[in-house]
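Before any comments, here is the structure.
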There are 2 protein chains.
Amino acid sequence: MERADIPAPPALKPGRGRRRTEDVRRAALSAAAELLLSEGMPGVTFAKVATHAGVSKMTLYKWWSSPGSLAFEAYFTVFEDTLAFPQTDDIRRDLTTQLHAFVDLLCRSGTVMAEIIGAAQSDSDLAAALSTQYVRKRRRLAVERLALAQQSGQIRQDVDLETIVDQLWGACYHRLLLPAEPLDTDFADRLIANLFTGLTPPGEHRP
Amino acid sequence: MERADIPAPPALKPGRGRRRTEDVRRAALSAAAELLLSEGMPGVTFAKVATHAGVSKMTLYKWWSSPGSLAFEAYFTVFEDTLAFPQTDDIRRDLTTQLHAFVDLLCRSGTVMAEIIGAAQSDSDLAAALSTQYVRKRRRLAVERLALAQQSGQIRQDVDLETIVDQLWGACYHRLLLPAEPLDTDFADRLIANLFTGLTPPGEHRP
């Protein structure tokens, strides 16, 4: 009987059965992300990813046109998993948790993110992919979390939430791309303190 | 009489006299900057700059090793002239004035700045030049102005001034390099409002 076109049920042959497509894809992305973070862009080859993920190179060729496109998707999948927004009843605490994770990831991934953003400045295809798959998604998730806090009265009603995105995460990208001062979790705490408390001394009112 | 080593006074022979070195240099940088802003990087050639500035190509060759290095210096000379910090007695007004000029210049110069920062992510020589000639200088000037405001009681004493740099100018670079929302003077006003007023609603105190 020709079985090639009939997908095997997931649990039919444990250990030898065909893994679910989604699992295989996730394993490949996870292996690519680990290679990217440990060895940088040159470490992400189809051969290495295939070995680490236990999938065939053919499978990788089928899904990704190049190791670069695999690395790109892997990187942003890691970001999505790591950078989920907690939702306790305290926006300042939740932002601190998330921003610490973000800064740690930026530091851990070394120059990868900086090089992707750098290359996007003179590569319109990459810029478009970065915008759609990363920038706009991350902004939307951040604004959604901030909007909940605004609805519950933890953020002033007249504040533009999009602007906050640039003053928290954007400020971290600034230290990544135009380095001069340290990018660390202390910096993240100061970003949040400045924004929530404001720079104006207490009791100071101008005419 | 051999005059070659004796600089002619500026007004000795109007129209024909040798211009002072500093004036010639300034004219070349100014012409290069205009070409850069109007035509982008490819518009900055020694031939065009020589014509626009009324200087010889030989003079340009003497001072700059390539049109790229001339363009680079020109760009940051324009930035320095345009982005001086006003010093009235109102830090919020002065920051607004300066940040509007900064945003206008970023918008006017189109993709030039983005491309320079982008290229610096994978070119360590360019990154070093950018850091020394631009990033650290601009940060220092900003922090000096903010320190005066802190000394006069217009900014809380416990605020880290370096962090403010990332939340004002850094936030603008974020919109330039990872574009999604508009980079304009309204945005600049919101950056300042968020920071000075703070996000926490009036009267809100947490335990």
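The values are calculated or read from the model by the stated rules, or taken from the named source; none is laboratory data. Everything numeric here is computed off the predicted structure, so don't read it as measured data. Virtual Cβ from ideal backbone geometry, glycine too; neighbours counted across all protein chains shown. Quick note on the areas: whole protein, heavy atoms, side chains included, nothing else; ligands and nucleic acids left out. Shrake-Rupley method; radii C 1.70, N 1.55, O 1.52, S 1.80 Å.
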> In a shell of Cβ-Cβ distance under 12 Å around A:Arg25, excluding A:Arg25 itself, what net charge do Lys and Arg (+1) and Asp and Glu (-1) give?
Replying inline: +1
> So what does A:Thr77 come to for accessible area, using a 1.4 Å probe and Å² rounded to 10?
Replying inline: 40
> Hey, got the average number of other protein chain Cβ atoms within 10 angstrom for residues in B:112-122?
Replying inline: 5
> Considering the zone a paramagnetic label at A:Thr185 would reach in this model (a point 7 Å from Cα along the Cα-to-Cβ line), which residues of region A:91-124 have amide N under 16 Å from it?
Replying inline: A:93-109
> Per residue, how much accessible area does the protein assembly as shown show when a 1.4 Å probe rolls over the protein heavy atoms, in square angstrom?
Replying inline: 50
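Percent of alpha carbon pairs in region B:21-65 separated by more than 13 Å? Walk me through the intermediate numbers first.
Numbers: 449 of 990 pairs.
For region B:21-65, the fraction of Cα-Cα distances above 13 Å is 45 percent.
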>> Please list A:Met113, B:Met58 from largest to smallest accessible area, probe radius 1.4 Å, with all protein chains kept in place.
In response: B:Met58, A:Met113
>> Can you give the local net charge around B:Gly54? Use residues other than it whose beta-carbon is closer than 11 angstrom to its beta-carbon, Lys and Arg +1, Asp and Glu -1.
In response: 0
> Gaussian network model of chain A, Cα springs within a sub-10 Å range: biggest mean-square fluctuation belongs to which of A:Leu183, A:Leu37, A:Leu148?
Replying inline: A:Leu148
> For B:Cys107, which inter-copy label distances result when the label point lies 7 Å beyond Cα on the Cα-to-Cβ vector, reported in nm to one decimal and in ascending order?
Replying inline: 3.7
> Which single residue of chain A puts its beta carbon nearest to the axis of rotation relating A to B, and what distance, in whole Å, does that give?
Replying inline: A:Gly198, 1
> Expressed as cubic angstrom per residue, what is the convex hull volume of the alpha carbon set of region A:83-197?
Replying inline: 104
>> What does the charge count around B:Asp166 come to, taking other residues whose C-beta lies under 15 Å from its C-beta (Lys +1, Arg +1, Asp -1, Glu -1)?
In response: 0
> With all protein chains present, how much of the accessible area of the protein assembly as shown (probe radius 1.4 Å) comes from carbon and sulfur, to the nearest whole percent?
Replying inline: 53
> For region A:111-167, what ratio Rg/Rh do Cα atoms give with a Kirkwood hydrodynamic radius?
Replying inline: 1.14
> Under the definition of Cα pairs under 8 Å and six or more residues apart, what whole-number percent is the relative contact order of chain A?
Replying inline: 17
>> Compute accessible area for region B:166-180 by itself and then with all protein chains, 1.4 Å probe, and report residues whose area falls by 10 Å² or more.
In response: B:Asp166, B:Gln167, B:Gly170, B:Ala171, B:Tyr173, B:His174, B:Arg175, B:Leu177, B:Leu178, B:Pro179, B:Ala180
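Other chains' Cβ within 10 Å of B:184-193 residues: what's the mean? Don't jump to the answer; show the numbers that get you there.
Values: counts 0, 0, 2, 4, 1, 2, 8, 6, 1, 6.
Mean shielding count: 3.
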> Can you list, shortest first and in nm, the gaps between the label point of A:Arg140 and those of its counterparts in the other copies, using a point 7 Å from Cα in the C-beta direction?
Replying inline: 4.5
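How many square angstrom of accessible surface are buried between B and A, both sides summed, with a 1.4 Å probe and rounding to 100?
On the way: alone 12680 and 12690 Å², together 20840 Å².
In total, chains B and A hide about 4500 Å² from solvent.
Can you give the direction-averaged projected area of the convex hull of the alpha-carbon atoms in region B:10-128, in nm²? Walk me through the numbers before you get to the answer.
Working: hull surface 38.4 nm².
Dividing the Cα hull surface by four gives the mean projection, 9.6 nm².
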>> With every protein chain left in place and a probe of 1.4 Å, what is the accessible surface of B:Glu144, to the nearest 10 Å²?
In response: 100
>> From Cα pairs below 8 angstrom and at least 6 apart in sequence, can you work out the relative contact order of region A:83-197, rounded to a whole percent?
In response: 34
> Inter-copy label distances at B:Glu39, 7 Å along the Cα→beta-carbon direction, one decimal in nm, shortest first?
Replying inline: 4.6
> Count the lysine pairs in the protein assembly as shown that are 8 or more places apart or on different chains: how many have C-alpha atoms under 27 angstrom apart?
Replying inline: 12
